[in-house]
Amino acid sequence: MDRAAMPAQEELPLPSPEAIQFAQPADSRFRTLNPGPIPIPAAPSSRSLVESVSDQRVNLDVISSYQSENGSLSTVSSTVSSEESEKAAYELLAHTPIKSTDAHLVEFSEAMRTVAKALRRVAEGKAAAQAEAAEWKRKYELETAQKQQTKIKDCGSSTGNNLGKLASQRTLETPASDQTACCGNHGICSHEVLQDEVPGSNPRSSHKMVGRKASFRLSWGCNGDKNGQHKHDFVSFEKGDITTAERSNKQILLRWESRPQTVLFITKPNSNPVRVLCAEMVRWLKEHKNINVFVEPWVSKDLLTEDSSHNLVQTWDNDEERKVLHKKVDLIVTLGGDGTVLWAASLFKGPVPPVVAFSMGSLGFMTRFPSQQYRDCLDNVLNGPFSITLRNRLQCRVIRDAAKDELETEEPILALNEVTIDRGISSYLTYLECYCDSSFVTCVQGDGLIISTTSGSTAYSLAAGGSMVHPQVPGILFTPICPHSLSFRPLILPEYVTLRVQVPYNSRGHAWASFDGKDRKQLAPGDALICSISPWPVPTACLVDSTTDFLHSIHEGLHWNLRKTQSLDGPRD
Ligand SMILES: NC(=O)c1ccc[n+]([C@@H]2O[C@H](COP(=O)([O-])OP(=O)(O)OC[C@H]3O[C@@H](n4cnc5c(N)ncnc54)[C@H](O)[C@@H]3O)[C@@H](O)[C@H]2O)c1
Ligand SMILES: Nc1ncnc2c1ncn2[C@@H]1O[C@H](COP(=O)(O)OP(=O)(O)OP(=O)(O)O)[C@@H](O)[C@H]1O
C-alpha cells in the first residue's frame, strides 16, 4: 500500500520500532531472519495496542508476507539446516527491496489501526453505559428519597430534614435511630430498605446508602395467546420479595344473586330406590320450592307412568335442545354414584351448571350429599352460599392420519376423569409416542396410558399406580398402564400443557381411546389424540368444603391408610 494513501495519522499512531521489536517472535529461526530493529519513520508509540495483538499473529503475518514474495521460504525453513536457511534468508533480504519491508509495516500499522478503532469503540460504549447507569441510579435514588420523605411525613413525626437534603444530593442517608423513631413502630421504613455500605461515605457517622432491591415482573404466558389478553400478574413484588398474589386453590364460594328456578335431575338407570327418590324429590321441589324441573327423556316417561301429576316436568326432544340446556338450568341434581356425575357432565359439551351429587351408589367419591337428608341439603344449596370444587375436564380430539393436515377433524370429547389409550382387544403391547407441547415425553410400551384430571386421580389412574391429587390442584396426570419397563413412574404435568399421543406407523396393532370409560374410538397407526384442559370445568357443590370433602372421600370411600393403631404395650425406646 502506498504510504501516501494511508489514512490520517490521528486514526492510529504508527507503531514505533520499539513496538515492532516487542512484537517479534520467540522462534529462534525467525530471529535469524530478523535483520534487527527496522528503521521506520518516527511515530508516537502505542505499546499497549501492540501488546493486544498476539506475537504469534504478527509472526505469521510477517512470515506469510515473506512467503508470498518467495514461495520457497516454508520449504527452506522446514527442510534445510538452520545454517542453510540463514544463508538463504540473508540472500533473500539482500534481494528484498526496502520498499517491500515498508509495505509490511504499512500493513501491520493498518492492522494496529483496526485494533485501536475497535478498542476506542469499546471504551466509548463503556463510558456511555456508565453514564446511563449513573443517570438511572440518580433518578432512582431521588425517587427513593422522595418516597421516604412522604412516608416519614405520614408517620407524623418530625420531617427528616436530612432526607430532603440528601435527596437533593442524590443520596439518602438515614441514621438507624431516626428510622426507629419515625417509622419503626409502624414497621414500615426499617423493613423496606436495604442498607449497603457505601465506600467513601461519611466516616464520622454510621450513615448508610439506602436503596430498594431491584423489582421485576413475572406473568402467566398462555400458549397461543398472541394478544396477551389472558396475561395477568400472579405474583407481587412488594419490597423486592416475590409473593403469590393469586392462588388457584382458593376456596370458591357460590353465592346466588337471584333465586335459582330450574333444576335438572340426572338419575342412575335401572335402580328402583333411585326412581322412587327421584319422584319424591321432584314433587317436593315443585310443591315447596316452586322449582321447574328438567329430566332426561326416558326419566320423563318413567315419572309419567308412575304419576300423572308429573306432566309438568320438562325434558328435551333432540340434541339441539340438549345443547342449550346450560342456558336454562340453574342447578343439576344427580342421584346415583360417580358414574352418574360423569354422565351428567358428559351431557354438557360447554359450560356446566353447578352439580349437587346425592350418593346412591357403592363408592360415591364425588357424591357427598346424603340422599336421606335431601330437603336440608337442597335448602342450603338453593339459599347459598356454598363451597364448590371446580373440577377440570380434559378436552380431547382425535386426529386421523388421513386428515391430519386439517385443523379440526372430529368433534372434541370432554372427560371429567380421564382418557385412556389402551390395547383394546389386541394382544400386542401398545406402542404410543407421547409429546407434551412440542417436547417428546416418552414411548409407552405396555397395556396403555391414562391421561387423567386431578378429579380422575382417584379412579382408574389410582388403580394403575398414579398418585391421588386434590381436585383443585391444577395438573394433568400421565399414568402408564402396566408398562413393560422397570423405570416408568407416573408423572403429573402442569394444567396448561397440550399432550399428543401418537400411534406410530411401526406399531404392531391399533390402540383404543376411551373417555371416562365410554365412547371407545379406534386409533390406527398414524392417528393421534390431542388433550388439553377444557375451558369448561364441572362445578360440584361441596357438603363442607373442597378439602374436607376430598379427605372424607379418601378415608371413607377408599379407606386410605387404614391401619389398626399399635398398642402401647411392647418394645419402646
Ligand atoms: N381398574 C380400574 O380401577 C378402572 C377400570 C376401568 C374404569 N375405571 C374407572 O371407571 C370410571 C367410569 O366410572 P363408571 O361409574 O362409569 O364405571 P363403573 O360402573 O365401572 O364404576 C367404576 C368405579 O369407579 C369409581 N369412580 C368413578 N369415578 C371416580 C372418581 N373420580 N374417583 C373415585 N372413584 C371413581 C366409581 O365410583 C365406580 O365404583 C372411569 O372413568 C375410570 O376411571 C376404573
Ligand atoms: N342417566 C344415565 N344414563 C345412562 N347411563 C347412566 C346414567 N347415570 C349413570 N349411568 C351409568 O351407569 C353406570 C353406573 O352408574 P353409577 O356409577 O352412578 O352407579 P354405581 O356403579 O352404583 O355407583 P358407584 O359409582 O358408586 O359404584 C355408569 O357407567 C354410568 O355411566
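The values are calculated or read from the model by the stated rules, or taken from the named source; none is laboratory data. Computed from a predicted model, the values in this text were never measured in an experiment. As a convention, Cβ positions derive from the backbone with ideal geometry for all residues, glycine included, and neighbour counts pool all protein chains shown. Calculation scope for accessible area: heavy atoms of the full protein, side chains included, ligands and nucleic acids excluded. Shrake-Rupley method; radii C 1.70, N 1.55, O 1.52, S 1.80 Å.
Specify the residue that is nearest to L414 (Cα to Cα); the eligible residues are those in the stretch 326-356 that are over 35 Å from the mean Cα position of the chain (by Cα) and either within 14 Å of ligand 2 (Cβ to nearest atom) or not assigned by TED's automatic domain parsing to the domain that holds P269 (or both).
By that ranking, first place goes to T340.
Among the residues of the stretch 362-394, which ones are in a helix (DSSP H, G or I) and within 16 Å of ligand 1 (Cβ to nearest atom)?
If the condition is that a residue be in a helix (DSSP H, G or I) and within 16 Å of ligand 1 (Cβ to nearest atom), then S371 is the only one that fits.
Search the stretch 414-433 for residues that are closer than 14 Å to P504 by Cβ and pair each with any residue that is of a type in the set (K, R) when their beta-carbon atoms are under 9 Å apart and the residues are at least 6 apart or on different chains.
The qualifying pairs are Y428/R508; L429/R423; L429/R508; T430/R423; Y431/R508; E433/R500.
Across the stretch 464-512, what is the total count of residues that are among the hydrophobic types (A, V, I, L, M, F, W, C), open to solvent by less than 50 Å² (accessible area, probe 1.4 Å) and assigned to a strand (DSSP E or B)?
8
Evaluate the following for L414: is it at pLDDT 95 or above, open to solvent by less than 60 Å² (accessible area, probe 1.4 Å), of a type outside the set (K, R) and closer than 20 Å to D519 by Cβ?
Yes.
So which residues in the stretch 355-409 are at pLDDT below 95, of a type in the set (D, E) and open to solvent by less than 80 Å² (accessible area, probe 1.4 Å)?
D401
Among the residues of the stretch 298-309, is any part of a loop (DSSP other than H, G, I, E, B) and either under 30 Å from I450 (Cβ atoms) or more than 16 Å from ligand 1 (Cβ to nearest atom) (or both)?
Taking every residue of the stretch 298-309 in turn, at least one turns out to be part of a loop (DSSP other than H, G, I, E, B) and either under 30 Å from I450 (Cβ atoms) or more than 16 Å from ligand 1 (Cβ to nearest atom) (or both).
Contact list please: Cβ distance under 9 Å, first residue in the stretch 336-351 and open to solvent by 40 Å² or more (accessible area, probe 1.4 Å), second residue near ligand 2 (Cβ under 6 Å from one of its atoms), pairs at least six apart or on different chains.
Once the first residue is open to solvent by 40 Å² or more (accessible area, probe 1.4 Å) and sits in the stretch 336-351, its partners that are near ligand 2 (Cβ under 6 Å from one of its atoms) give G339/K268; G339/G361; W343/I266; W343/K268; W343/G336.
Looking only at residues that are of a type in the set (S, T, N, Q) and either within 16 Å of ligand 2 (Cβ to nearest atom) or at pLDDT 95 or above (or both) in the stretch 501-533, which one is nearest to G337 (Cα to Cα)?
Ranking the candidates gives S514 first.
Residues L462, L477: which one is within 16 Å of ligand 2 (Cβ to nearest atom) and within 30 Å of L253 (Cβ to Cβ)?
L462
Restricting attention to the stretch 535-548, does a residue exist that is within 12 Å of ligand 1 (Cβ to nearest atom) and open to solvent by less than 10 Å² (accessible area, probe 1.4 Å)?
yes
Could you tell me which of the residues L462, L449 is touching a strand residue (DSSP E or B) at 6+ places or on another chain (Cβ under 7 Å) and of a type in the set (A, V, I, L, M)?
L449
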